[in-house]
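The values are calculated or read from the model by the stated rules, or taken from the named source; none is laboratory data. As the structure is a prediction and not an experimental result, all values here were calculated from the model. Ideal geometry is used to build each Cβ from the backbone, glycine not excepted, and the neighbour counts take in all protein chains shown.
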Amino acid sequence: MIEIGRVCVKIAGRDAGEIAVVVDVLNDKYVLIDGNVRRRKCNIRHIEPTDKVLKIKKNATTEEILKAMKKAGIEVKKKIKKKEKEAKKQEKPKEKRESKK
């Protein structure tokens, strides 16, 4: 049931409730997932497989996975890259609070 391209729902952790795609089967207990979640190793007990399977190759890039999800009609959330986060932080400098004396 767990195979490359299988669309799943993450049921544990901080990404719980998000849609993921199996990118690689590491062994009988762990898979590599990506999609609307962070790309990472995940215990198969923490995902709920759906009946959808996307045609992707083993170890496909995040961009390829997101394209396949859009093509299949699955809602895709925009991922923010580290460089974009840093640029956003630099745009809004923190205001200094006045100290009480």
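Of all residue pairs spaced 6 or more apart or on separate chains, those with beta-carbon atoms under 6 Å, a first member in the stretch 61-74 that is within 11 Å of V23 (Cβ to Cβ) and a second member that is of a type outside the set (A, V, I, L, M) and at pLDDT 90 or above are T62/D34; I65/D34; I65/G35. So, R6, is that one surrounded by 14 or more Cβ atoms within 10 Å (Cβ to Cβ) and touching a Pro at 6+ places or on another chain (Cβ under 9 Å) or not? Judged against the criteria, R6 is a match.
Before we move on, is I80 of a type in the set (A, V, I, L, M), at pLDDT below 75 and assigned to a loop (DSSP other than H, G, I, E, B)? Yes; evaluated as a whole, the condition is true for this residue.
Determine, yes or no, whether N59 is at positive phi and either modelled with pLDDT under 90 or not small (G, A, S) (or both). Against the criterion (at positive phi and either modelled with pLDDT under 90 or not small (G, A, S) (or both)), N59 qualifies. Selection of the stretch 48-57 for residues being of a type outside the set (V, I, T), in a loop (DSSP other than H, G, I, E, B) and within 10 Å of V22 (Cβ to Cβ) yields only L54. Surrounded by fewer than 19 Cβ atoms within 10 Å (Cβ to Cβ) and either under 21 Å from K77 (Cβ atoms) or within 14 Å of the chain's Cα centre (by Cα) (or both): is that true of V25 in this structure? Considered against the rule, which asks whether it is surrounded by fewer than 19 Cβ atoms within 10 Å (Cβ to Cβ) and either under 21 Å from K77 (Cβ atoms) or within 14 Å of the chain's Cα centre (by Cα) (or both), V25 comes out as no.
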